[in-house]
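Colleague: If you scroll down you'll find the structure; I have some questions about it.
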Amino acid sequence: MILQDKKILIAVTGGIAAYKINLLVRRLVTEGAEVQVIMTPAASAFVSALTLSTLSKKPVYSDFYSENGTWNSHVDLALWADLMLIAPCTANTLAKMMHGQCDNLVIATYLSAKCPVFIAPAMDLDMYAHPSTRQNLEMAQDFGHLIIPAETGELASGLVGEGRMAEPESILQSITDYLNIFNDLESFSGKTVLVTAGPTYEAIDPVRFIGNHSSGKMGFSIAEAAAARGAQVILISGPTSLQVRHERIKLVRVTSAREMYEQVFKFYDHVDIAIASAAVADYAPATVAAQKIKKSDEHLTIELVKNPDILGEMGLRKKSQFLVGFALETENEEENARGKLQRKNLDMIVLNSLSDEGAGFGKDTNLVKFITADAVYEFGLKSKKAVAADILEFIQKETLK
Ligand code: PMT
């Protein structure tokens, strides 16, 4: 039972879907989880604290102080939790979470939480489709939170559309899927993992650069998966809006390939595992113009020089590290990936192809093959978090051989 003894903190906010939380609490408790419920003041109009407290077998808090004058510490609540779920999450609470508007116990607890955060939004269809809600949900994803998307159906307003909170069984499934992925909590304990992520930007002048579409999602997912399994992680990332909050992840932000190279080799000799998922520019402008280049002739030629091959250099300097590279291909995929595996002296290469739907830059999913000197392992389309879990599972098996 993956949920046995898991500490789940559920924050209920003021939406009609709050009534479904009774069922979810009961299911979680039956599965062996310890459940603590907190509520916004508005939630109590939709669901009773008494019911939730009876089902969870714990007092339910909705204010910073109880009637007897004791402090309901948001910090203690947040640090207690293995996982926090905000369900239903109204547009109002979502907006406050994203902007740190800390005016109730739920938001204060959320801001103090270091554990994985799940958000199950619920609102009317136009609110759900509004650009401000979409932006807030994207921001939540960038913060590393997991969104359990709203479903389509009849809404409290009588309208039909997308905005219904996911059913308790789907929420339960999302939580158990996540825990199954991150189940093996100690398997990388004592190991140090270096991960490169994101794009690099190669400056042309003070306002322009050569870059690519990498979002950093793949690399950040790997870093989070390694840290969740007990590793100390050094995450060296090019420019991305992604954030990370894990005490075992040291995030080093860089801009160019050369900066990434310098940072990587500050750490490389002392790591056990290195995984290069960054999309590093192969070339950079030979010189960076001191001032913005003015429009003049019909043609502008920029001389490019080769950037260091960071992964190639890691392969050359490899001692006992387990070295994993990525290959982003558009044609002759396996052949090209195999070439990189050999040339860069890798233990394994993760091949993804831009010709596959749902794979590559920016997406939340990826479709990969793992290629080693003597085998190819194929996988279906999965979330990048699940791909990250597969990579770590593979490394664990290989290094235990
Ligand atoms: O960030 P996302 O939006 O989530 O997208 C993920 C991804 C598509 C960027 C990722 O899955 C991926 O494929 N990363 C590698 C992209 C790439 O640059 O592939 P490549 O085939 O050009 O490079 C081969 C390997 O050498 C890569 O591990 C790369 O990090 C490394 N490299 C390349 C050039 C260079 N100068 N230095 C390097 O270290």
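The values are calculated or read from the model by the stated rules, or taken from the named source; none is laboratory data. None of the values given here were measured: they were computed from a predicted structure. Glycine gets a Cβ as well: all are built from the backbone with ideal geometry, and neighbour counts include every protein chain shown. Each accessible area value is taken on the protein alone, full model and side chains, heavy atoms only, with ligands, DNA and RNA left out. Shrake-Rupley method; radii C 1.70, N 1.55, O 1.52, S 1.80 Å.
Colleague: Limited to region 54-82, what total is found for residues that are assigned to a helix (DSSP H, G or I) and within 32 Å of the chain's Cα centre (by Cα)?
Modeller: The number of residues fulfilling the criteria is 9.
Colleague: Name the single residue, out of those in region 271-298 being in a loop (DSSP other than H, G, I, E, B) and in contact with a helix residue (DSSP H, G or I) (Cβ under 9 Å, 6 or more places away or on another chain), that is farthest from G238 (Cα to Cα).
Modeller: Checking each candidate, the answer is D272.
Colleague: Further question: Hey, does region 209-226 have a residue that's at pLDDT 95 or above, farther than 23 Å from S112 by Cβ and among the aromatic types (F, W, Y)?
Modeller: Scanning region 209-226, I find at least one residue that is at pLDDT 95 or above, farther than 23 Å from S112 by Cβ and among the aromatic types (F, W, Y), so the answer is yes.
Colleague: Report the residue count in region 313-332 for those that are in a loop (DSSP other than H, G, I, E, B) and of a type in the set (V, I, T).
Modeller: 1
Residue-by-condition table, conditions (1) surrounded by fewer than 13 Cβ atoms within 10 Å (Cβ to Cβ); (2) assigned by TED's automatic domain parsing to the domain that holds D269; (3) near the ligand (Cβ under 9 Å from one of its atoms); (4) more than 25 Å from L381 (Cβ to Cβ):
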residue	(1), (2), (3), (4)
V324	no, yes, yes, no
T330	yes, yes, no, no
E333	no, yes, no, no
M348	no, yes, no, no
D356	no, yes, no, no
G360	no, yes, yes, no
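Colleague: Filter region 88-119 down to the residues that are in a loop (DSSP other than H, G, I, E, B) and closer than 22 Å to L24 by Cα and list them by number.
Modeller: Scanning region 88-119 gives T90, A113, C115, P116.
Colleague: D269 is checked against (1) over 20 Å from F209 (Cα atoms); (2) touching a strand residue (DSSP E or B) at 6+ places or on another chain (Cβ under 9 Å) and fails just one. What number does that condition carry?
Modeller: Answer for D269: the failing condition is (2).
Colleague: Next question. Only one of (1) in contact (Cβ under 8 Å) with a residue 60 or more places away in the chain; (2) away from the ligand (no atom under 16 Å from the Cβ) fails for A227. Which number is that?
Modeller: Of everything listed in (1) in contact (Cβ under 8 Å) with a residue 60 or more places away in the chain; (2) away from the ligand (no atom under 16 Å from the Cβ), A227 misses just condition (1).
Colleague: Scanning for something under 16 Å from the mean Cα position of the chain (by Cα), free of Cβ contacts under 8 Å to residues at least 24 places away in the same chain and open to solvent by less than 80 Å² (accessible area, probe 1.4 Å), does region 242-249 turn up at least one residue?
Modeller: yes
Colleague: Residues E162, E167, E186, E154: which one is open to solvent by 40 Å² or more (accessible area, probe 1.4 Å), free of Cβ contacts under 8 Å to residues at least 12 places away in the same chain and not hydroxyl-bearing (S, T, Y)?
Modeller: On inspection, the qualifying residue turns out to be E154.
Colleague: What residue, of L50, L24, L85, is in contact with a helix residue (DSSP H, G or I) (Cβ under 9 Å, 6 or more places away or on another chain) and either under 20 Å from M127 (Cα atoms) or assigned to a helix (DSSP H, G or I) (or both)?
Modeller: After ruling out the rest, the residue left standing is L24.
Colleague: Which residue out of T40, T51 is open to solvent by 50 Å² or more (accessible area, probe 1.4 Å), among the polar types (S, T, N, Q) and within 26 Å of L3 (Cα to Cα)?
Modeller: T51
Every residue, every condition in (1) farther than 23 Å from G198 by Cβ; (2) acidic (D, E); (3) away from the ligand (no atom under 14 Å from the Cβ), yes or no:
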{"residue": "A373", "(1), (2), (3)": "yes, no, yes"}
{"residue": "G380", "(1), (2), (3)": "yes, no, yes"}
{"residue": "K384", "(1), (2), (3)": "no, no, no"}
{"residue": "F394", "(1), (2), (3)": "no, no, yes"}
{"residue": "K397", "(1), (2), (3)": "yes, no, yes"}
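Colleague: If you don't mind, another one. For region 62-99, what are the residues that are open to solvent by less than 40 Å² (accessible area, probe 1.4 Å) and either farther than 30 Å from E167 by Cβ or of a type in the set (V, I, T) (or both)?
Modeller: S66, S73, I86, T90, T93
Colleague: Another question, then. When both residues are 6+ apart or on different chains and their Cβ atoms are under 7 Å apart, which pairs have a first residue that lies in region 299-311 and is more than 26 Å from A276 (Cβ to Cβ) and open to solvent by 100 Å² or more (accessible area, probe 1.4 Å), and a second that is in a loop (DSSP other than H, G, I, E, B) and at pLDDT 95 or above?
Modeller: Note: pairs meeting the criteria are E303/A286.
Colleague: Which of the strands (runs of 3 or more DSSP E) found entirely inside region 122-241 contain at least 3 residues meeting this: of a type in the set (V, I, T)?
Modeller: Hits in region 122-241: 192-197, 232-237.
Colleague: Of all the residues that make up region 239-278, how many are within 11 Å of the ligand (Cβ to nearest atom), of a type in the set (A, V, I, L, M, F, W, C) and over 28 Å from Q135 (Cα atoms)?
Modeller: Going through region 239-278 one residue at a time, the tally reaches 6.
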